[in-house]
1. Among (1) surrounded by 13 or more Cβ atoms within 10 Å (Cβ to Cβ); (2) touching a residue at least 60 places away in the same chain (Cβ under 8 Å), which single condition is F185 missing?
2. Of the residues V128, V148, V140, which single one is surrounded by 15 or more Cβ atoms within 10 Å (Cβ to Cβ) and under 18 Å from the mean Cα position of the chain (by Cα)?
Amino acid sequence: MSNKSKSTTFLLCYFFGALGVHRFYLGKLLTGVLMLLTGGGLLIWWVVDIYRIIAGRFKDKQGQDLSTSQPHADQPNAGFWVRLSAFMVDGLILGLIQFVFIYLPLMAYLYNTGIFTAPDPEMAIMAVAPIVGLSQAAVVLLYAGYFVALTAGKHQGTFGKRSMGIFVRKRDGGRVWFGSAVVRFVGYIISSIPFCLGYLMAAFQKKKLALHDLIAGTEVVYGTPSTEAASVDHDAVTEVAQSEPTPIPAGLGEMEARPSRMPEILVGTGLLLIVGAMALSYMR
């Protein structure tokens with residue numbers, strides 16, 4: 001495993017990739033110079049590098065995988081920069097979905113209705129206001145469904161967090177379920193007011209908690225839920241295993257083992273509304 005950070009590499013590539021700064025950081029001087037001279041290969045090379053970093057296929061000069069583990073063994077909580085990297089990956093994913101499935105159909109609808117050449121712009125805007133409002137509602141639902149469903153899912157984190165090797169859990173070590181994921185998403189809105197100061201708290205707070213973490217009682221840590229579950233005290237497990245098992249009423253164990261389907265229901269509802277917005281956007 002490389003001593004170079006995946007999140008640092010991603011941020012350098014995202015902001016300065018056209019200059020090859022992320023490759024200089026990894027010691028790849030020749031290809032860094034080539035990126036600098038070609039403007040990131042006319043940005044094509046830059047996009048490819050972003051994808052490879054997110055997918056975990058980017059390596060350092062020695063061919064080692066970039067590090068996604070905590071910098072200090074006694075501090076499992078993910079800091080501000082790795083969380084920012086994860087959030088930006090999510091932004092790329094959601095931005096692409098928005099553009100293809102919501103904004104492009106909306107612009108096509110507005111163009112077909114002739115709003116851009118209408119003699120009375122105010123009346124034209126009033127005529128298309130409902131469809132624009134529906135599209136904005138679809139955007140909000142897309143974001144809510146994405147963050148809530150994936151945070152409450154088995155991986156306990158969005159694709160951005162998973163790509164950076166971090167996940168969300170309750171501060172007592174428990175799993176984040178649907179209700180807490182909803183509260184956490186509402187906390188995102190509060191953290192954004194004003195000037196995203198709630199997000200910046202993670203850079204200065206001792207346990208790297210943002211405002212929405214304090215609201216929802218959550219924290220973001222390195223690792224995965226599976227490895228977290230695997231790091232159980234073996235002596236405690238042995239002691240429990242040797243004790244007399246407690247009888248469980250018939251059917252109760254099956255009920256507890258059955259996962260909640262609320263995240264899937266939310267995602268399905270969101271997709272249906274997005275599809276509905278797309279269909280309406282093509283109607284005159």
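Read-outs throughout are calculated quantities, based only on the coordinates presented, and are distinct from any laboratory measurement. Values in this document were obtained by computation on a predicted structure and should not be read as measured data. Cβ coordinates were reconstructed from backbone atoms using ideal geometry, including for glycine residues, and neighbour counts include every protein chain displayed.
1. Condition (2) is where F185 drops out.
2. V148
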